[in-house]
Amino acid sequence: GELDTAEVAPAKRKPKGSGGLRGLGATTSDNSILWPNGKLYWVWTWDTYNNVEARNAITAAHNYINQKTEIELVYGKGNGDYVSIEPLDGCWSSVGRKGGKQSMSIGEGCE
């Protein structure tokens, strides 16, 4: 089944320049890898994550990012550029927006 979006908190947008990842030194001059308007779309299915600890860790990370950074995580595929969280081999992801579906692996033991 699909994620129960009632469990993920809506973003509480911080004003630009008020900290967030910028305050941590995470910057780039390559605008092509930035998510437009700071919105990163993502999907997963509950069936993929039978591990309650993994689901809770991902939900907590989503809520933390939306509340503490300038990035807004939005559940869904948006305009077709999105991150698909999958239980692949290991714990990895690309950095920045690549275009289309982007896999992020949250495999066994990553939670």
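For the structure I just gave you, tell me whether ILE65 is within 26 Å of GLY109 (Cβ to Cβ) and modelled with pLDDT of 80 or more. Spell out the reasoning first.
On the way: within 26 Å of GLY109 (Cβ to Cβ): yes; modelled with pLDDT of 80 or more: yes.
Here the answer is yes, as ILE65 does meet what is asked.
From the set of residues in region 32-62 that are among the aromatic types (Phe, Trp, Tyr) and part of a strand (DSSP E or B), which is modelled with the lowest pLDDT? Show your work before the answer.
The initial filter retains those residues of region 32-62 that are among the aromatic types (Phe, Trp, Tyr), namely 35, 41-42, 44, 46, 49.
If we keep only those that are part of a strand (DSSP E or B) as well, we get 41-42.
Working: TYR41: 95, TRP42: 92.
Looking at residues that are among the aromatic types (Phe, Trp, Tyr) and part of a strand (DSSP E or B), I get TRP42.
The values are calculated or read from the model by the stated rules, or taken from the named source; none is laboratory data. Keep in mind that what you see is a predicted model, and the values were worked out from it rather than measured. Here the Cβ is made from the backbone with ideal geometry for all residues, glycine too, and neighbour counts use every protein chain on show.
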